[in-house]
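Enquirer: Dropping a structure here in structure tokens format, bear with me for questions.
Values in this text are rule-based calculations from the coordinates and carry no lab data. Quick caveat, the model's predicted, so the values are computed rather than measured. Heads up, the Cβs are rebuilt from the backbone with ideal geometry, glycines too, and the neighbour counts pull from every protein chain shown.
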Amino acid sequence: MTRADLTDFHPRFLLAVALFVLALGARGETALAPYTATYKASFNGIPVVITQTLATTPTGYRVVTAAANALGEIHEQEDFHLADGAILVDAYRYERSLLGSKREEQLSVDRTQAVAHYLRNGDPRDIALRPGYLGPISYQVQLRRDLIAGKTSFDYQVMDRGKVKQYAFQSEGADVIRTAGGDVNAVRVRRVRDDNVRQTFFWMAPTLGYQLVKLRQEENGDSYELLLNELSAPPAAVETAQVIR
């Protein structure tokens, strides 16, 4: 894999990594339990560590995801809250620094005006809010809830890069996955795309609250895998999520 390929690959891969690491807490379906999950992978011989932390905030939840290797790092976070069982986006931020190139994205939601303000490297764009619109990370929470509810196919409207995009997924079976903590049974989910150029598969372990234990992406004859290395949950929620670097 070339450096140019790595630069293009990481943002999509990072978002995909976050898909299934949100776990429900013991307080019920609408409660999310704080945690820190660490994943390891290797791209063209370069090791990559990806960490995601979920924490409560005074107004809801914050998820922070960070990926880093010798070429640079990516950091993203989203704030959201739950109201009457529905997920409502509050804000999203994305930062990428790879090979000396930087990119920043921000999304802030103004529900009084029913609009989401998107900003990429100083270029603004507005999105008219509609019921059910989710963010680049919060749609992952809804997907997680739908999996627990027993659904096998999923479609979401996601505010992504200044546009509203349709994200679709399909549950396709189960496999035994070998992790750092031993073998686990996991459900396999595929990202549904209009073309077959890129195939992305996720394996989530029901015994771990459908935690993501493996991710595999195939594209142009190359394949990349990521495995869960460590999962921990703090004894109490914190006000602000801290990324472990």
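Enquirer: Excluding residues fewer than 8 places away in the same chain, name every one of the aspartates and glutamates whose C-alpha is closer than 14 Å to that of Lys214.
Expert: Candidates past the 8-residue exclusion: Asp175, Asp183, Glu225, Glu230.
Enquirer: Dipole magnitude of region 105-206 about its Cα centre, charges +1 at Lys/Arg Cβ and -1 at Asp/Glu Cβ only, in debye to the nearest 20?
Expert: Magnitude of the dipole: close to 40 debye.
Enquirer: HN-Hα J couplings of region 85-95 from phi, Karplus 6.51/-1.76/1.60, θ = phi - 60°, integer Hz, Gly and Pro as x?
Expert: x, 9, 8, 10, 6, 10, 6, 9, 9, 9, 9
Enquirer: Additional query: Would you please put 68-81, 133-146, 216-229 in order of how densely packed they are, using the mean number of other Cβ atoms within 10 angstrom per residue and starting with the highest?
Expert: Ranked from most to least packed, the peptides come out as 133-146, 68-81, 216-229.
Enquirer: Using R₀ = 22 Å, calculate the FRET efficiency as 1/(1 + (r/R₀)^6) where r is the Cβ-Cβ separation of Arg161 and Ala91; round to 0.05.
Expert: Efficiency, from the Cβ-Cβ distance: 0.90.
Enquirer: For Lys151, list the aspartates and glutamates whose Cα falls under 13 Å from its own Cα; do not include residues on the same chain fewer than 8 positions away.
Expert: The reachable aspartates and glutamates, counting only those whose Cα sits under 13 Å from Lys151, are Glu172.
Enquirer: Say each of Lys102 and Arg198 gets a label point 7 Å from the Cα, pointing the same way as Cα to Cβ; how far apart are those two points in nm?
Expert: Between Lys102 and Arg198, the simple spin-label model gives 2.5 nm.
Enquirer: I would also like to ask the following. Out of all Cα-Cα pairs in region 3-232, roughly what percent, to the nearest whole number, are more than 29 Å apart?
Expert: Beyond 29 Å sits 24 percent of the P(r) for region 3-232.
Enquirer: Say the dipole of region 109-175 comes from +1 at the beta carbon of Lys and Arg and -1 at that of Asp and Glu; which of Gly132, Ile148, Gln113 then lies farthest toward its positive end?
Expert: Gln113
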